[in-house]
Each structure stands twice: as structure tokens, then as C-alpha cells.
Amino acid sequence: MTIAYLLPLIGSSRWGSHGQAVSERRRGRASLLVRASAVDEKHIHGEFSLYNTMTGKKEVFDRTVHEDGVVRFYSCGPTVYDSAHVGNFRAFLTYDILKRWLRYRGFDVNHVMNLTDVDDKIIKRVLREGSTLEEITEKYSKLFFDDLSLLNVIPADKYPKATEHIEEIVDLIEGLKTKGAAYESSGSTYFKVDSFSDYGKLVKLEKRESGARRTEANDTDEYDKSDARDFALWKAYKDEDGEVKWNSTLGVGRPGWHIECSCMAMKYLGPQIDIHGGGIDLVFPHHENEIAQSEAYSGKEFARFWVHNGFVNIGGEKMSKSLGNFRTLGDVVKNPDDARAFRYLVVSSQYRSTLNFTEDVLKAARNTIKRLDALRKRLADVQAEERTVEMESSSEIESIVETAKSAFLAAMNDDLNTPRAVAALFEMMSKVGKLLKAEKLDSAHARTVDDCILDFDRVLGVFYKVPTVGNVSDEDGTDGTDQVIPDALQELLVQRTEARKSKDFSLADQIRDQIAAEGYQIKDSPNGAVLIKI
């Protein structure tokens, strides 16, 4: 298929135009302002490097790819047949942080996240419960959006559903057939992996012979295929599908899983996007298959950056519904403090690393949120007092804030290094806490410090009023153990960490014993040391 053939198809009334997806505020003078401010932001904040799964390294994110100054961002959304588990929400929070940072740097972001509302799991639930497809998917879509609200996630610009794009999906598959990249067999249509010479480039697969064993296939549906590696684009109707079926030029059936993302990404963002995100478990086969079908169709690189977040583990084992060890957000979040604590726990972890979820680390996150709130309350009190201090203290405060800002920006520019960014925040908190105790912070600089915290929160998003939705109550709901840990003990914990880094283990042990004498235990985790009440 030539480019001349592609353009009318992508720009047709059925497909729409990716230019139309950019709102009026992103056009004309507004676009010029975005591009102009982008230069200024780069000068102020430095260059932003992001890890690209495709290349296996960090790369500078160049904002000048599109003339309209818009970052085109697609991330894989939920399959709405059940409540999403906390592992899923790590992905959604990771891409919330990425989007917030892009906006912070002056980008305009057009973000699309799909809702998978037809697949094997959904059909099984429909038949098991005797419901309709719409009843099941609407129920769990609402729960998903409630959970996003609980976690202060900025909504995507669009949440397209697979069932609302059947005609576009069929058009895309027909285009692949025309190019010789797809074929029909027993009423189903498959992507022909051998037709795409770059297949496996994301996951770095070695080339395999056609006719590989079925156990090596990336599509487990029991249909007739020429090659076990080929995957379904359109699935022929089976009796066990019940009423879930569509009539099309491809026959009676339904779309495969992978094709929906290619279709909706290209419809709303165009044939080339800047960032494609998802969990690390989607690299293969889902994202690999998206690349193959999208690039075979358009002849262009599908996504410039592929960004993937790490797993969430429970008891040292990957959390998943198939293993039965998953926990939903409703299992974890019972009150507003829990919601903010869970958000903080996820956004303060290195997004590509495995996050080990336990009650202890969530409890430590609650304590951290309370410490942050307590400091902001003290800053508010000082502002209300209209206190003044000597010039020497004023200079010290300004230096503390500027140092924190520089460290925060450098950390976020380094592949969203939120652990280091949060460390910059707490280093500032520690120093400001000492000035507050010595009454060396005046009202104006208390406001400066709080403004800096809120500026960081444009990215972190942990200071917000949690909505009352689902099972979340305004009542405390704790067992009395989630008390704010004294600043003196937190300072000792920092000193112990520094002692261990310096290999002064004798001092580290002394500090540990001192903390134990105060009734606290140190627990080391991949997210850092935390204090737990004994």
C-alpha cells in the first residue's frame, strides 16, 4: 500500500483526522506560544532524558518533532471485566507522572488511553453472569474512573472503546490484507509475521523459522494459522461467544486484542506518535504486535519512545489475576489517607523497578504524608503570624529552596527519577524544620517554602482533597499505629543511611539501637529504610 493510498483512509470521515483531535487551544497562536515557551523551558530546566525500551537506553526527548508543539501520547488502558488491581494502577500513575512532567516542562500533551471492552475474559464473564456486554463493561468502566479520581490522576484527553471502532478496525485489517500482511483462514484473519521483517525488534527476538511450534506462538486462540507466530486480527464467531459478534466484510466475528490499540492510536494521534506506554508485561506480545501491524500498514515508525513500568510484587511474587494474588484498590484504600499514601508510594518509586507492596510500606507512606501535611500546617501558622527574621537567615532560606529546586529538576529530567526528586523535597523539609524550631523562618519565606512544595506537587500530585467515592470513607479507619514519627527519629534514620553509605557500620548500629530504644524498628526495603512502631 502506498502512502497516497494511506492518507485518504486515515483522513476519511470514518477514521477522522489526527489533526482534528488537537483542540482549538492547540492551534494557531496557542501552538506558537507552546513552541516559543518550549525553548524557554528547555533553557530553564535542562534536557529531559527518558528510557526508551526500543533502544534500551535513555534518550533526550526532543520536543520539536511536530510543528504544532503537541506531544502525542498513547498508553494502554484496562480490560473492563473486573476491578483493576494495584499493579495496574502503578502503570496508570506512572503515566500520570510522565504527563505531569511533560506539562511542567511546557509541553502540550494529547493523551489517549483505550478501554478494552471486548475480549475472551469479558465474554466469559458475560456468559457466567448472564449479563450483557454493555452491562459488564459499563460497570467496571465506572469503577475504573472512580479509582482514577481517588488517586488524583489527570484524565486522558480521550478514552476510546474497542466496540465503538469496529468499522475502523475492519478498514485497518482490510488495508493490511491489501498489503499482503494479513490473510484469512477459516473465517478469521491473521497478521502474517513473516511479512514484517522487523518483527521482534522491541523485545529483541531472534529470527525464527516459520512453522514454529504452537507452544511458541504469541496468540493462544485455537484457530487455524499458517504459522504459529501469526496472531489474530479478526476472530471468527464461535458458539461460546454468545451474542458478542459483528457482521463485517471480514465475516461474522470480533476484533482481536492487539489491533484495537493500533487503530485508535492512529485515528486520534496519527500514524506516528511520540510516546507509547504500558506495563512491562505488555512488551511481548502486545506491543510487539502493535508495532508490526501499525508499521506494516503505514510504512512509518509507529512510536518514537516506548516506555514501560515495572511489576508490583506481593510476597516476592508478581501480582496478577491469573496467580490469584492480586489486590484491588478497594482492598487497599479505605479512607482518604490511604488513597494519598498509595499514590505517594507509587510515584516516589523508580518506575522501571519492581515495587514490593506490603502493609508496612503503605503504612510508612501514610506517615510520610502526615509529615508533609504537618510541615505545611506549621508553614501556614508562620505565615499567619506575619513574623520577620534577620537578613542572614533570609539568605539561608533562599539558598535552601534554590538547592531543592535544582535537585528536583535534575532528578525528574533523569528519566523521571522520583526517588531522588522526593529526596530533594525531604532534604529541604529537614533544613526548614530546623529553622522553624529555631524560629528563624519569617512569614514571607514560609510562603516561599510552601510555594516550592506546591510547585513540586504539580508533578507529584499528593496534596489534594480525596473525593468520596466507592468504599472510601472520611473516617480515619486506622488501628492507632499510623502516628506521625518524630522529626528527631527521622533525622536519626537519615544519619544511619549516611553512615551505612560511608561503611561506618559501628555508627549505623549505634543509631539503630538508639531508634529501637525509642520504640521503633528499622525496615529496609527497595524503596528505602522506613520506621515501624514496635
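Here is a yes/no grid of residues against (1) at pLDDT 90 or above; (2) touching a Phe, Trp or Tyr at 6+ places or on another chain (Cβ under 6 Å):
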residue	(1), (2)
Ile273	yes, yes
Gly277	yes, yes
Asp281	yes, no
Glu288	yes, no
Glu295	yes, yes
Gly299	yes, no
Asn313	yes, no
Arg327	no, no
Tyr344	yes, no
Item to check | Matching residues, the stretch 251-266, being at pLDDT 95 or above and either in a helix (DSSP H, G or I) or under 17 Å from the mean Cα position of the chain (by Cα) (or both) | outcome: His258, Ile259, Glu260, Cys261, Ser262, Cys263, Met264, Ala265, Met266
Item to check | Condition broken by Arg213, with the remaining ones in (1) modelled with pLDDT under 95; (2) crowded, with 16+ Cβ neighbours inside 10 Å; (3) charged (D, E, K, R); (4) farther than 25 Å from Gly56 by Cβ satisfied | outcome: (2)
Checklist entry - From the residues in the stretch 380-404 that are crowded, with 17+ Cβ neighbours inside 10 Å and at pLDDT 95 or above, which one is farthest from Asn335 (Cα to Cα)? => result Ile400
Checklist entry - Among all residue pairs at least 6 apart or on different chains, which show Cβ distances below 6 Å where the first residue, located in the stretch 371-395, is under 17 Å from Leu454 (Cβ atoms) and the second is open to solvent by 80 Å² or more (accessible area, probe 1.4 Å) and at pLDDT 80 or above? => result Gln383/Arg447
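The values are calculated or read from the model by the stated rules, or taken from the named source; none is laboratory data. Fair warning: this is a prediction, and the values are worked out from it, not measured in the lab. Glycine also receives a Cβ, built like all others from the backbone with ideal geometry; neighbour counts cover every protein chain displayed. For accessibility, only protein heavy atoms count, side chains too; no ligands or nucleic acids. Shrake-Rupley method; radii C 1.70, N 1.55, O 1.52, S 1.80 Å.
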